[in-house]
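A.B. asks: Pasting a structure below so you can have a look.
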Amino acid sequence: MVKPTSVTNSIKALRASHGEMTQADLAGRIGVTRQTLNAIEQGKYSPTLELAFQIARVFEVPLDDVFQYPA
Amino acid sequence: MSYEEKSTWVMGVLAVVTYGIYVAIILSQTADRPLLEVDYVPVLLWTIGASIVASIVIHIFLGAKTGLDIKDPRDRDIYRRGEYIGQSFLVIGALAAMLMAMFEFDTFWIANVIYLAFVLSAILSFIAKSVFYRRGLPTW
């Protein structure tokens, strides 16, 4: 019913490599609920471009390192 | 479950419960008179009013108990798409009411078709939003 996104992400790995940052911590820093961050992480919700940039900025990496689109 | 998802459930359950109460009261009055002679207007107004008051009270209680989450872009997307889907029943209800008025149906039926359309619209919106919250929203 709900078309899954082809975009994958590395948020979980990035959180782990940034001092085991919790979903709640990251969610708080980008101004969304923990449930929304979880949905983004699981590919159930495609964030706005602005939100995607905000996530990348928290980890101080380029957008491509957070979100990937298969060739 | 976020505050907004809980709020969605509150609105869905309230729509079903208050309409159920309305129908039960109306049908209980048909024992001694025909359906079209039941004074439905005060019952309709009271159940709608009670639904609004209950919604406000429950939301205040929810906010105090679980804390008010921010309404983030996902909540707004889900709300928008859910309402869009639910509105199909409003259109059907409005068309039905227009045809019934043209064919001079009793106002009892016209009012009740419109009320039913509002309730079905709320239920459909609730189902759509719940699915979006649980199973995700489609794509970029």
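A.B. asks: Bin width 10 Å, origin at 0, all Cα-Cα pairs of the protein assembly as shown: what percent of pairs per bin?
C.D. replies: 8, 26, 26, 18, 12, 7, 3, 0
A.B. asks: If you find the alpha carbon centre of the stretch B:40-77 and of the stretch B:92-109, how far apart are they in angstrom?
C.D. replies: For the stretch B:40-77 versus the stretch B:92-109, the Cα centre distance is 30 Å.
A.B. asks: Can you list, bin by bin at 5 Å, the percent of alpha carbon pairs in the stretch B:1-113, starting at 0?
C.D. replies: Going from the shortest bin to the longest, the percentages are 2, 10, 14, 16, 18, 14, 10, 7, 5, 2, 0.
A.B. asks: Indicate the gyration tensor shape class of the stretch A:8-71 (rounded, prolate or oblate), computed on the Cα atoms with a ≥ b ≥ c the square roots of the eigenvalues: a/c under 1.5 is rounded; otherwise a/b larger than b/c is prolate and the rest oblate.
C.D. replies: Working: a/c = 1.40, a/b = 1.17, b/c = 1.20.
It comes out rounded by the Cα gyration axes.
A.B. asks: Shape verdict for the stretch B:73-140, please, from the Cα gyration tensor: rounded (a/c under 1.5), prolate (a/b greater than b/c) or oblate.
C.D. replies: In terms of gyration-tensor shape, prolate.
A.B. asks: Using a Cα-Cα cut-off of under 19 Å, which aspartates and glutamates could be cross-linked to B:Lys71, ignoring same-chain neighbours fewer than 8 residues away?
C.D. replies: Straight-distance partners of B:Lys71: A:Asp25, A:Glu41, A:Glu50, B:Glu4, B:Glu5, B:Glu83.
A.B. asks: Taking the Cβ of B:Gly12 as the centre, find all other residues whose Cβ is under 12 Å away and add up their charges (Lys, Arg: +1; Asp, Glu: -1).
C.D. replies: Details: positive: B:Lys6, B:Lys129; negative: B:Glu5.
The answer is +1.
A.B. asks: Using the 2.2 N^0.38 Å rule of thumb for compact globular proteins, work out how the stretch B:48-95 stacks up: its C-alpha Rg over that value, please.
C.D. replies: Cα Rg divided by the expected 2.2 N^0.38 Å: 1.52.
A.B. asks: With r defined as the distance between the Cβ atoms of A:Lys12 and B:Arg80 and R0 fixed at 25 Å, what FRET efficiency is calculated, to the nearest 0.05?
C.D. replies: 0.35
A.B. asks: With point charges of +1 on the Cβ of Lys and Arg and -1 on the Cβ of Asp and Glu, referenced to the Cα centre of the protein assembly as shown, which listed residue (A:Ala71, B:Gly136, A:His18) lies farthest in the positive direction of the dipole?
C.D. replies: A:His18
A.B. asks: Taking a ≥ b ≥ c as the square roots of the eigenvalues of the Cα gyration tensor of the stretch B:1-62, is the shape rounded (a/c under 1.5), prolate (a/b larger than b/c) or oblate?
C.D. replies: Prolate.
A.B. asks: For A:Lys44, which lysines qualify as cross-link partners when the Cα separation must be under 17 Å and same-chain residues fewer than eight apart are set aside?
C.D. replies: Within the straight-line limit of under 17 Å, A:Lys44 reaches these lysines: A:Lys3, A:Lys12, B:Lys129.
A.B. asks: Which value, in debye to the nearest 20, describes the size of the charge dipole of the protein assembly as shown about its Cα centre when Lys and Arg Cβ atoms bear +1, Asp and Glu Cβ atoms bear -1, and nothing else is charged?
C.D. replies: 520
Values quoted throughout were computed directly from the atomic coordinates according to the rules given, and no laboratory measurement underlies them. All values derive from a computational prediction rather than experimental measurement. We place every Cβ from the backbone using ideal geometry, glycine too, and count neighbours over all the protein chains shown.
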